[in-house]
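Dropping a structure here in structure tokens format, bear with me for questions.
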Amino acid sequence: IGVRPDKVIGDKGELARMLAATLPGKSEAEYAKLLGSESRFTYLQRRAVPELVAAVHALGEPGIEFAREPQRLYPQANLGAHVLGYLDFDGKGVTGMELALNQQLTDPALRGKPVALSLDLRAQAALGSELGAAMTSFTAKGAAGVILDVATGEVVAMASLPTFNPNNIKGSNPESFRNNMTQSVYELGSTFKPLTMAFAIESGVASSMAKRYDATVPLQVGGFRIRDDHAQKRWLNIPETLVHSSNIATARIADELGQQRMESMFRKLGFDTRPDIELSGKAAPLWPKYWARTTVMTTAYGHGIAVTPLHLASAYAAMVNGGVWRPATLRRIEPGKAPQGRRVVSEATSARMRQLLRLVVTYGTGRKADAPGYRVGGKTGTAEVPG
């Protein structure tokens, strides 16, 4: 519903009074000011329901115009909201894949040609449901998750809570628009330990799974003391270091690796750049300004470096898929058309890491993840909230 003030033929004061009674979004004075302006055209209400259109039409003012315009409807409401994004009133993409594909979807030469995304709505629904349950259980402020196809980099599901309904942007909490998978960075704690272990195996530092490291007492380095949360107070071999999530043993391994190799491997995983995906608004990692000996040790167990959860997911994909890092993508990839990617570790190291991650779930801190019927592998991680 719109109005052309210069085409109004009735009494503008009376029309302002009737509009205020019919369209209560503005006062009579505001409508009077609008009708007295030199504007050639102004919207009174966009996306108006038929009943409202009929009521305004009944006012009988020729200067009021009615027009139809296309509207994007999201039938699944908030399902995949952060991935899909939403449109503004003019039909332009604002966030998500709506923004990433805006030019393609609005190009007259391409309009009408569908774009297939990589999402599986069943997995998307399950992921959102599980995150919601966990968020409620732990009275958390937020939650985020992603499911990647490790062979192609395709995002099968991605969710971030709190979320929003793209059909009702005005009624959404501004905080809900943040996609914590790509727009928030965290010190991801012990989830970095398998990456350090993969670097050590690849470089030959961890030449044998039987190689042991002293974790009998906290490790004193300069003014810092590195402790274990699940202290075993004994020497630990490579599998035990991951199973018991030892900060001390991991730090000793990193010390052997050294700054050059640690930094190089993190760069190979893309930890020094924004996450690689089509979405906009990607957060830059917090990369160490100076790699001191303590920096090398602490980044080995995920402290002193902050990346997005998507960074970590892509790194894990490379660690277990045979050793090849590929960018995450929300577009469907045809069979056999996966990007070549870049090799990060050898196939042998990747195979070893799958075994080690399995041990964490069968004997270590990840036992709750051991779902019947699946050979689950993984790593738990924790970080302290600043402040």
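If you place +1 on the Cβ of every Lys and Arg, -1 on the Cβ of every Asp and Glu, and leave all else neutral, what size is the dipole of the chain about its Cα centre, to the nearest 20 Debye?
Dipole size: approximately 1140 debye.
Which listed residue (181, 197, 237) has the Cα farthest towards the positive end of the charge dipole for region 151-285, taking +1 on Lys and Arg C-beta and -1 on Asp and Glu C-beta about the Cα centre?
My answer, from the dipole projection, is 237.
Another question about this same structure. Rank these by accessible area, largest first, 1.4 Å probe: 192, 224, 177.
224, 177, 192
A further question on this structure: How big is the accessible area of residue 384 in square angstrom, nearest 10, if you roll a 1.4 angstrom probe over the protein chains?
The accessible area of residue 384 comes to roughly 150 Å².
What residue among 221, 110, 123 has its Cα farthest toward the positive end of the dipole of region 91-221, where the charges are +1 on Lys, Arg and -1 on Asp, Glu, each on the Cβ?
110
Over the chain, what is the mean sequence separation of C-alpha contacts under 8 Å (at least six apart), divided by residue count, expressed as relative contact order in percent?
Taking the mean separation of contacting Cα pairs over the length of the chain, I get 16 percent.
Using θ = phi - 60° and the Karplus curve 6.51 cos²θ - 1.76 cosθ + 1.60, what whole-Hz ³J(HN,Hα) does each residue of region 102-113 get, with Gly and Pro shown as x?
3, 4, 5, 6, 9, 5, x, 6, 10, 4, x, 8
Distance between Cα centroids, region 369-387 to region 142-164: provide it in whole Å.
Computed from Cα coordinates, the inter-centre distance equals 15 Å.
Continuing with this model, one more query. Using the C-alpha gyration tensor of region 80-200, what are the square roots of 5 times its eigenvalues, in whole angstrom, with the largest one first?
With the √(5λ) rule applied to region 80-200, the semi-axes are 29, 20, 13 Å.
Once every DSSP H run of n ≥ 4 in the chain is given -39500 (n - 2.57) and the sum is divided by its residues, what mean residue ellipticity at 222 nm do you get, rounded to the nearest 500 deg cm²/dmol? Write out the running numbers ahead of the final one.
On the way: 13 runs with 133 residues, N = 387.
So the helix-based figure for the chain works out to -10000 deg cm²/dmol.
Further question: How big is the convex hull of the Cα atoms of region 1-159, per residue, in Å³?
About 180 Å³ per residue, rounded to a whole number.
A further question follows. Any idea which of 373, 325, 340 is furthest toward the positive side of the dipole for region 309-387, if Lys and Arg beta-carbons carry +1 and Asp and Glu beta-carbons -1?
340
Which value, in Å² and to the nearest 10, is the accessible area of residue 43 when all protein chains are kept and the probe is 1.4 Å?
Answer for residue 43: close to 110 Å² accessible.
Rounded to the nearest 10 Å², what accessible area does residue 332 have for a 1.4 Å probe in the complete protein model?
Answer for residue 332: close to 140 Å² accessible.
Projected area of region 279-338, taken from the Cα convex hull and averaged over every viewing direction, in nm²? Working shown, then result.
Numbers: hull surface 22.5 nm².
Across all orientations, region 279-338 yields a mean hull projection of 5.6 nm².
Two decimals, Cα atoms only, Kirkwood Rh: what is Rg/Rh over region 157-276? Before the final figure, lay out the partial values.
Values: Rg = 19.3 Å, Rh = 17.0 Å.
Result: Rg/Rh = 1.14.
So what are the chain's ellipsoid semi-axes, whole angstrom, largest first, if each one is the square root of 5 times an eigenvalue of the alpha-carbon gyration tensor?
Rounded to whole Å, the semi-axes are 55, 22, 18.
Which shape class, rounded, prolate or oblate, goes with region 228-362 when its Cα gyration tensor gives a ≥ b ≥ c as root eigenvalues, a/c under 1.5 marks rounded, and past that a/b bigger than b/c marks prolate? Before the final figure, lay out each step's value.
Details: a/c = 2.09, a/b = 1.40, b/c = 1.49.
The shape class here is oblate.
To the nearest 20 debye, what charge dipole does region 155-299 have about its Cα centre, counting +1 at the Cβ of each Lys and Arg and -1 at the Cβ of each Asp and Glu?
Dipole of region 155-299, to the nearest 20 debye: 200 debye.
Can you bin every Cα-Cα distance in region 295-376 into 10 Å intervals starting at zero and give me the percent of pairs per bin, rounded to whole numbers?
Taking every Cα pair in region 295-376, the percentages come to 15, 34, 40, 10, 0.
Also: Over region 196-337, average the accessible area per residue using a 1.4 Å probe and give it in Å², no decimals.
Heavy-atom accessible area per residue stands at 44 Å².
Rounded to the nearest whole Å³, what is the per residue volume of the convex hull around the Cα atoms of region 120-189?
119
To the nearest 20 debye, what is the magnitude of the charge dipole of region 6-130 about its Cα centre, counting +1 on the Cβ of each Lys and Arg and -1 on the Cβ of each Asp and Glu? Spell out each step's value before the answer.
Details: 14 positive and 16 negative charges, 47 e Å.
In debye, rounded to 20, region 6-130 gives about 220.
Just to be sure I understand the curve: with the Debye formula and one point per C-alpha of region 82-152, what is log10 I(q)/I(0) at q = 0.15, 0.20, 0.24 Å⁻¹?
Log-scaled intensity ratios, in q order: -0.69, -0.95, -1.08.
Follow-up question, since we're still on this one. Over all distinct alpha-carbon pairs, what is the Kirkwood Rh of region 180-251 in angstrom?
Every distinct Cα pair counted, the radius reaches 13.2 Å.
Provide the per-residue ³J(HN,Hα) series for region 370-375, in order, calculated from phi with Karplus coefficients 6.51, -1.76, 1.60 and θ = phi - 60°, each as a whole number of Hz, with x at glycine and proline positions.
Couplings: 6, 6, x, x, 10, 8 Hz.
The values are calculated or read from the model by the stated rules, or taken from the named source; none is laboratory data. Here the structure is a predicted model, which means the values were calculated and not measured. Glycine also receives a Cβ, built like all others from the backbone with ideal geometry; neighbour counts cover every protein chain displayed. These area figures cover heavy atoms from the full protein model, side chains too; ligands, DNA and RNA do not enter into them. Shrake-Rupley method; radii C 1.70, N 1.55, O 1.52, S 1.80 Å.
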